[in-house]
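Working notes, structure below.
The values are calculated or read from the model by the stated rules, or taken from the named source; none is laboratory data. Just so it is clear, the structure is predicted and the values come from calculations on it, not from any experiment. With ideal geometry, Cβ positions are generated from the backbone for all residues, glycine too; neighbour counts draw on all protein chains shown.
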Amino acid sequence: MLPEPSHADLENEILGPDDDVPPNRQARQGGQTRLAKAQRLSPLPNHFVRVPIEWLSRPRFRSVFPPSTALFLYMLYCSHWGQRGVEITSALAGSFGLTRWTKNRCILRWERDGLVRVERRGRKTPLVWPIVITG
């Protein structure tokens, strides 16, 4: 099961009127106060959309990300964009609302479509390596 944020974590995410956040932080320069710009995200080689990881695990976003899509994106995140294999266990798939049979069908479909490479290791959970082309 994916960890749910605790109440204390949520309190830290909700900003109050006195919180100092990067886009609103004031910088003093030459006696004048001006707003400092927020730091830009680093550019990616292709066009990508960045999605907060908690959007994949929260039930209220299930209409945006179907379970198999959310599992694939989470696997891509855990693999550090294809740098390491990921064990997609039945418990992990269950946290996204998938049965073990649906998980296995998803992995077979991803492999057939050329999205992943699967390293089968006997009766152990297979390692799934997403195929990432960045050039």
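Of note:
- Set Gly82, Gly97, Gly114, Gly122: member being in contact with a helix residue (DSSP H, G or I) (Cβ under 7 Å, 6 or more places away or on another chain) and at positive phi: Gly97
- All positions within region 78-90 that are closer than 14 Å to Ser68 by Cα and not in a loop (DSSP other than H, G, I, E, B): Ser90
- Residue match in region 94-104 (condition: part of a helix (DSSP H, G or I), basic (Lys, Arg) and more than 15 Å from the chain's Cα centre (by Cα)): yes
- Residues of region 31-58 classified as within 26 Å of Leu127 (Cα to Cα) and either at pLDDT below 75 or not basic (Lys, Arg) (or both), total: 9
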